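Student: Sharing a structure with you now.
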């Protein structure tokens with residue numbers, strides 16, 4: 001129950017006494033909250049609010065800073081709304097605890113949450129001064145108020161103002177919550193929570209970050225004078241800021257030291273000696289930014305991808321900024337720095353209209369760890385300094401294509417069907433006009449030409465993979481069938497890429513034609529130029545294709561995360577797709593072996609010679625018709641990497657083949673860049689350093705069954721994207737009755753098949769697992785505070 005109290009400043013002492021009695025009555029009545037008569041409804045509601053608040057105080061942690069680390073545990077980025085870490089009681093200096101009690105609430109260990117002596121003393125002072133707002137708040141009460149401001153009301157300005165309103169009603173609620181809290185928590189727990197909550201400076205909240213920011217130390221090592229300074233600052237972080245108001249800060253610190261002496265915590269001599277010391281703070285601190293902009297240049301795009309990856313796994317932005325997570329990534333700092341330097345050496349950071357992305361992935365049958373993801377650009381907002389907010393390495397950012405690198409998909413699809421082997425002779429005319437699979441009366445053929453100086457006709461597949469003629473692979477593509485080739489691109493790793501339209505964005509139902517209304521997986525079904533690599537792509541996914549082949553045909557999602565723990569150190573499970581056997585090992589090994597001549601007699605031979613490269617590797621270059629994009633995919637037993645150089649300006653121009661790398665309207669054709677001359681050097685420059693001093697590893701042998709045309713038996717059809725019922729029927733109709741399903745949390749429509757393993761050649765006895773979408777991604781566990789409403793990648797080389 002609350003009553004309106006008018007306090008009138010008059011000279012009559014009796015009137016003051018009456019006012020004091022009335023105010024005391026209000027306090028006692030408010031604390032008791034009688035539940036009788038008509039007042040009972042209001043009182044019960046108020047009581048419920050108090051109960052809920054005290055329960056939240058016990059169970060809900062304050063917003064805690066999350067940290068993103070590299071594979072060695074070094075922080076690369078911080079995510080926070082309030083710059084705070086959680087510090088257990090045993091890691092807080094006894095000096096710090098004693099200092100805050102001495103200056104803020106010296107009867108802390110005697111009262112039950114409300115200091116009755118102090119309260120009535122303050123009430124008397126306030127009565128005389130004509131106010132009801134001053135003094136007597138215990139540490140427990142301060143904890144309640146700070147919680148309402150910094151936690152419960154952190155995104156609600158009105159709630160924050162209400163939590164700090166100088167009213168009797170607010171004081172009463174605060175006192176009652178404090179009384180309840182002291183019955184639920186020990187004194188040490190309350191003190192620890194208070195020290196972890198309160199603001200010490202600007203955005204510096206909690207003793208853990210305060211110790212680091214003020215003194216570059218940890219809270220367990222805070223000495224007497226350091227603790228006294230921090231304890232004094234809490235009362236007014238602005239007025240007692242030691243950098244802006246050093247004398248005021250020292251006076252306040254000394255006041256805390258005197259309080260410690262008066263409470264018997266230290267001797268007078270110890271206090272006097274402490275007061276003679278200077279403040280001991282270093283240069284004025286600059287807090288790290290929250291997020292990925294402004295981190296080390298070689299870490300920016302990787303960090304940004306991590307946040308997007310976690311968002312897709314069910315983490316809200318609020319959780320990441322308040323959950324106190326430790327996000328350990330697979331980023332290799334040494335490799336990342338080398339990769340960044342190689343990309344910038346090849347194409348300057350501020351090169352006009354040209355990007356060079358470079359992504360390195362480690363193969364594996366359990367995970368494809370991303371170890372570096374860089375570009376010549378930096379993540380940032382200053383375009384004049386070569387910065388961009390587009391994640392060039394991860395997004396479908398190269399709108400001009402990978403060129404002949406896409407011939408890998410044609411090779412894999414035809415080889416799996418038994419239509420070609422490495423020794424198979426393929427027709428290879430210098431030019432030929434190909435009709436698409438579906439033709440109409442007005443359909444015209446599409447002329448394809450080879451750029452090679454030598455043009456053997458026919459040519460073996462092994463030779464063709466090295467010198468990359470166009471007409472031979474267009475022949476193979478049409479023989480394998482466009483659906484099989486397009487499916488193979490998705491299977492091997494271009495999954496998000498194939499879902500975008502031919503502008504590199506989400507299909508637009510209101511678009512002008514099927515190039516924008518449909519995903520590439522559909523719009524290219526009748527376009528023979530797919531094998532020539534003319535459509536937008538993600539450089540990251542292209543690197544992951546190499547990792548899939550190097551892993552014996554096992555696709556895994558490109559993985560930036562080594563592990564996530566919550567603020568208590570408990571591991572947090574990440575919602576990620578399972579790895580899949582997308583082609584059998586014989587096919588994958590044979591393709592890798594078939595690509596080994598690219599650096600010996602193929603399109604990257606000169607770049608390899610210039611780099612003095614001698615290690616066995618698989619490689620494939622790519623060049624688009626107008627040289628607006630060139631690329632190189634390099635595959636080693638323990639690494640796969642893509643280097644893409646492409647136009648990224650507002651008026652894209654062809655890239656020239658002469659150094660320094662630049663673009664010009666006159667650089668198409670003979671003067672244009674090629675994947676072997678412009679994109680491959682980034683790879684060789686980096687990997688000469690990355691592999692220095694390491695043993696040479698052999699490539700896998702080609703499987704004899706895939707050297708020539710051969711019937712490889714039945715094949716498991718690719719049913720990803722279908723309804724689970726239709727997919728199961730399709731598999732059974734193909735002779736695979738052993739179908740099992742597993743749920744996967746995905747935003748794809750419920751019941752849609754989003755993953756499949758294995759795929760390709762397999763006996764009919766093979767069991768097939770289908771991963772079926774649940775239709776939603778649940779919020780990830782581990783939030784420490786209630787989040788607000790949530791908001792939410794033509795001619796050959």
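The values are calculated or read from the model by the stated rules, or taken from the named source; none is laboratory data. Just so we're clear, the structure is a prediction, and the values are computed from it rather than from any experiment. All Cβ positions, even for glycine, are placed from backbone atoms using ideal geometry, and neighbour counts span all protein chains on display.
Student: Among the listed residues 638, 685, identify the single one that is surrounded by fewer than 24 Cβ atoms within 10 Å (Cβ to Cβ), modelled with pLDDT of 95 or more and more than 17 Å from residue 356 (Cα to Cα). Please lay out each step first, then the result.
Tutor: Working: 685 fails: more than 17 Å from residue 356 (Cα to Cα).
Every option except 638 fails the conditions.
Student: Condition check: under 25 Å from residue 719 (Cβ atoms), at pLDDT 95 or above and surrounded by fewer than 24 Cβ atoms within 10 Å (Cβ to Cβ). Does residue 544 satisfy that?
Tutor: Numbers: under 25 Å from residue 719 (Cβ atoms): yes; at pLDDT 95 or above: yes; surrounded by fewer than 24 Cβ atoms within 10 Å (Cβ to Cβ): no.
Against the criterion (under 25 Å from residue 719 (Cβ atoms), at pLDDT 95 or above and surrounded by fewer than 24 Cβ atoms within 10 Å (Cβ to Cβ)), residue 544 does not qualify.
Student: Further question on the same structure: When you scan the stretch 689-715, how many residues do you find that are out of contact with any strand residue (DSSP E or B) (no Cβ under 9 Å at 6 or more places or on another chain) and within 30 Å of residue 337 (Cα to Cα)? Before the answer, list the steps.
Tutor: Let us first name the residues in the stretch 689-715 that are out of contact with any strand residue (DSSP E or B) (no Cβ under 9 Å at 6 or more places or on another chain), namely 689, 691-698, 700-711.
Next, from what is left, pick out any that are within 30 Å of residue 337 (Cα to Cα): 689, 691-698, 700.
So the answer is 10.
Student: On to the next question. So is residue 144 under 22 Å from residue 202 (Cα atoms), at pLDDT below 95 and assigned to a helix (DSSP H, G or I) or not?
Tutor: Yes; evaluated as a whole, the condition is true for this residue.
Student: Can you pull out every residue in the stretch 580-628 that is in contact with a helix residue (DSSP H, G or I) (Cβ under 7 Å, 6 or more places away or on another chain) and under 30 Å from residue 651 (Cα atoms)?
Tutor: Those that are in contact with a helix residue (DSSP H, G or I) (Cβ under 7 Å, 6 or more places away or on another chain) and under 30 Å from residue 651 (Cα atoms): 603, 604, 607, 620, 621, 622, 623, 624.
Student: Scan the stretch 735-757 for residues that are surrounded by fewer than 19 Cβ atoms within 10 Å (Cβ to Cβ) and closer than 17 Å to residue 488 by Cβ and jot them down.
Tutor: Matches in the stretch 735-757: 757 only.
Every residue, every condition in (1) touching a strand residue (DSSP E or B) at 6+ places or on another chain (Cβ under 8 Å); (2) farther than 23 Å from residue 348 by Cα; (3) outside any loop (DSSP other than H, G, I, E, B), yes or no:
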residue: 613; (1), (2), (3): no, yes, no
residue: 620; (1), (2), (3): yes, yes, yes
residue: 634; (1), (2), (3): yes, no, yes
residue: 641; (1), (2), (3): yes, no, yes
residue: 644; (1), (2), (3): yes, no, yes
residue: 649; (1), (2), (3): yes, no, no
residue: 659; (1), (2), (3): no, no, no
residue: 667; (1), (2), (3): yes, no, no
residue: 679; (1), (2), (3): yes, no, yes
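Student: Any chance you could count how many residues in the stretch 77-110 are assigned to a loop (DSSP other than H, G, I, E, B) and touching a strand residue (DSSP E or B) at 6+ places or on another chain (Cβ under 9 Å)? Step through it out loud before you land on a result.
Tutor: At the first step, the residues of the stretch 77-110 found to be assigned to a loop (DSSP other than H, G, I, E, B) are 80-82, 84-88, 92-93, 105-110.
Remaining after also requiring touching a strand residue (DSSP E or B) at 6+ places or on another chain (Cβ under 9 Å): 80-82, 84-86.
Selection size over the stretch 77-110: 6.
Okay, residues lined up against (1) surrounded by 22 or more Cβ atoms within 10 Å (Cβ to Cβ); (2) more than 15 Å from residue 325 (Cβ to Cβ); (3) modelled with pLDDT under 95:
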position	(1), (2), (3)
49	no, yes, yes
56	no, yes, yes
60	no, yes, yes
65	yes, no, no
71	no, yes, no
76	yes, no, no
79	yes, no, no
84	yes, no, no
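Student: Looking at the stretch 685-707 only, could you name the residues that are within 28 Å of residue 349 (Cβ to Cβ) and either in a loop (DSSP other than H, G, I, E, B) or touching a helix residue (DSSP H, G or I) at 6+ places or on another chain (Cβ under 6 Å) (or both)? Step through it out loud before you land on a result.
Tutor: Here is the first cut: in the stretch 685-707, the residues within 28 Å of residue 349 (Cβ to Cβ) are 685-692.
Across the stretch 685-707, the qualifying residues are 685, 686, 689, 690, 691, 692.
Student: Given (1) outside any loop (DSSP other than H, G, I, E, B); (2) crowded, with 24+ Cβ neighbours inside 10 Å; (3) touching a strand residue (DSSP E or B) at 6+ places or on another chain (Cβ under 8 Å), where does residue 401 come up short, assuming only one miss?
Tutor: For residue 401, the exception is condition (1).
So that you can scan it fast, the table gives a plain yes or no per residue for (1) surrounded by fewer than 19 Cβ atoms within 10 Å (Cβ to Cβ); (2) out of contact with any helix residue (DSSP H, G or I) (no Cβ under 6 Å at 6 or more places or on another chain):
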position	(1), (2)
432	yes, no
435	yes, yes
438	yes, yes
449	yes, yes
452	yes, no
472	no, no
476	no, no
480	no, no
